[in-house]
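What follows is one structure encoded as C-alpha cells, with my remarks underneath.
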Amino acid sequence: MFAAGLFVMYLAASAPALLASGKLDYETRCASCHGEDLRGGVNAPSLRGAGAAYVDFELQTGRMPAAVPWIEVGHRGPQLTQATIARIEAYVTSVAPGGTPIPEIETGGNLHRGRELYDQNCESCHGNDGDGASIGGSLWAPTLHDASVTQVAEAIRVGPEEMPRFSDRQLNQRDINDVASYVVSLDVEAATPRIPFSSSGPVPEGLLGWLAVGTLVAGASLFSRARRPM
Ligand code: HEC
Ligand code: HEC
C-alpha cells in the first residue's frame, strides 16, 4: 500500500514530465505519418478522437508504429517498451481527448454464454475455433489465439479496419467479459494436441503390430500342441 501510494505521488508529480517525454516519443515514432497535430494526412488517418483503446490496441499488437504507410501489419507483439507505450497514450489522449478508454475486463466469465455470443457476432469472420478466416476479396480476419483479453475487448469496442465496432447496446460489459473469456479459452484448446483415435497414427499402428504378434504366438502354440504326440 505504501509503495502504491508513493507511486501515485510520483505519477502526480511527474505528469508534466511524462507528457513532455510522451510528446517527444510521439514526434519521433508517429508524427511523420499521423502529423505533428495528430490530424493525419496522405500517410495516415487522424488520431484525434481515436481514443486510448484504439492507440493501445495498435501499439500492444504491434500493428503500429508502421514502417511504411498503408502496408497492413498483423499481430507481431509490441514493438515499443511498455513505458514508451504508456507515455504515447498519455500524450495522444491529452492533446486529443475522447474516444474509447481502455476497457477493464474480468476474466472467468461465463464460457457457455461467451460461446453463444461468439457464434452470433464473431464466428462468421474469425472462424469456428478463432483460427481466422477469409472474409472475401483478399481480406482476412486474423487468428484470435495471439490476442490478450484486453486486446479482445479493445477490438470489440474500436472495430479496427474491416471489423465492425460493437456499441454497449450490442455487447455490454458482461457480454464482453463472457466473449473475451471464451476467446482466450480457445487458445488452451488450440495448444492441446488431439488424441489420434480416428487417425492411423502411432498408437493404432502399434496396437495392430502387437495384435499380429499375439496371433502368431497363439497360432504357433496351438500348432505345436496339435503336433505333440498323444
Ligand atoms: C509509416 C507511417 C505510420 C507511422 C510511423 C505510424 N502510423 Fe499509425 N497508421 C498508419 C496508417 C497508414 C494507418 C491506417 C491503418 C493501417 O494501415 O493499418 C494507421 C492507423 C493507426 C491507428 C488506427 C486509427 C484509425 O482510425 O484507423 C492508430 C491508433 C495509430 N495508427 C497509432 C499510431 C501511433 C501511436 C504511432 C506511433 C507510435 C503510429 N501510429 C505510427 C501509418 C503510420
Ligand atoms: C466482419 C468481420 C469481423 C467480425 C464480425 C469480427 N471481426 Fe474481429 N477482426 C476482423 C478483422 C478484419 C480484423 C483485423 C483488423 C486489423 O488488422 O486492423 C479483426 C481483428 C480482431 C482482433 C485482433 C487480433 C489480434 O491478435 O491482433 C480481435 C481480438 C478480434 N478481431 C476479435 C473479435 C471478436 C471478439 C469479435 C466478435 C465480438 C469480432 N472480432 C468480430 C474482422 C471481424
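The values are calculated or read from the model by the stated rules, or taken from the named source; none is laboratory data. Since the model is a prediction, treat every value here as computed from it, not as a measurement. All Cβ positions, glycine included, derive from the backbone under ideal geometry; neighbour counts span all protein chains shown. Heavy atoms of the whole protein, side chains included, go into the accessibility calculation; ligands, DNA and RNA do not. Shrake-Rupley method; radii C 1.70, N 1.55, O 1.52, S 1.80 Å.
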Looking for whichever is at pLDDT below 95 and farther than 13 Å from A86 by Cα here; the options are E27, E72, E36. Which one fits?
E72
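Tell me the residue from R87, R48 that is out of contact with any Cys (no Cβ under 9 Å at 6 or more places or on another chain), closer than 17 Å to L24 by Cα and open to solvent by 30 Å² or more (accessible area, probe 1.4 Å), please.
Numbers: R48 fails: closer than 17 Å to L24 by Cα.
Just a single option satisfies the conditions, and that option is R87.
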Checking the structure you have, find out if any residue of the range 161-173 is open to solvent by 20 Å² or more (accessible area, probe 1.4 Å), within 6 Å of ligand 2 (Cβ to nearest atom) and within 15 Å of the chain's Cα centre (by Cα).
yes
Of the residues P69, P78, which is open to solvent by 30 Å² or more (accessible area, probe 1.4 Å), touching a Gly at 6+ places or on another chain (Cβ under 6 Å) and within 13 Å of ligand 1 (Cβ to nearest atom)?
P78
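Being of a type in the set (K, R) and touching a residue at least 24 places away in the same chain (Cβ under 8 Å) is the requirement here; does R76 meet it? Don't jump to the end; show me each part of the working.
Values: of a type in the set (K, R): yes; touching a residue at least 24 places away in the same chain (Cβ under 8 Å): no.
When the stated conditions are applied, R76 does not pass them.
Of the residues G40, G62, which is of a type in the set (G, A, S), in contact with a His (Cβ under 6 Å, 6 or more places away or on another chain) and open to solvent by less than 30 Å² (accessible area, probe 1.4 Å)? Break it down into steps so the answer makes sense when it comes.
Details: G62 fails: in contact with a His (Cβ under 6 Å, 6 or more places away or on another chain).
Unique residue meeting the criteria: G40.
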Check D56 against each of (1) open to solvent by 60 Å² or more (accessible area, probe 1.4 Å); (2) under 22 Å from R157 (Cα atoms); (3) within 15 Å of ligand 2 (Cβ to nearest atom) and name the one condition it does not meet.
(1)
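Filter the range 107-142 down to the residues that are in a loop (DSSP other than H, G, I, E, B), under 16 Å from E72 (Cβ atoms) and touching a residue at least 24 places away in the same chain (Cβ under 8 Å), then identify the one that is nearest to the chain's Cα centre (by Cα).
The first filter runs over the range 107-142 and keeps only residues in a loop (DSSP other than H, G, I, E, B), leaving 107-110, 122, 127-132, 135-139, 142.
Checking which are under 16 Å from E72 (Cβ atoms) leaves us with 132, 135-139, 142.
From what's left, touching a residue at least 24 places away in the same chain (Cβ under 8 Å): 135, 142.
Working: I135: 18, P142: 9 Å.
This residue is P142.
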Long-range neighbours under 6 Å by Cβ, at least six apart or interchain, first residue in the same structural domain as V92 (by TED's automatic domain parsing) within the range 29-52, second open to solvent by less than 20 Å² (accessible area, probe 1.4 Å):
C33/A44; H34/A44; L38/A96; G41/G35; L47/L38; L47/V92; R48/L38; R48/A96
Could you please let me know if P69 is more than 13 Å from ligand 2 (Cβ to nearest atom), in contact with a strand residue (DSSP E or B) (Cβ under 7 Å, 6 or more places away or on another chain) and closer than 21 Å to E162 by Cα?
yes
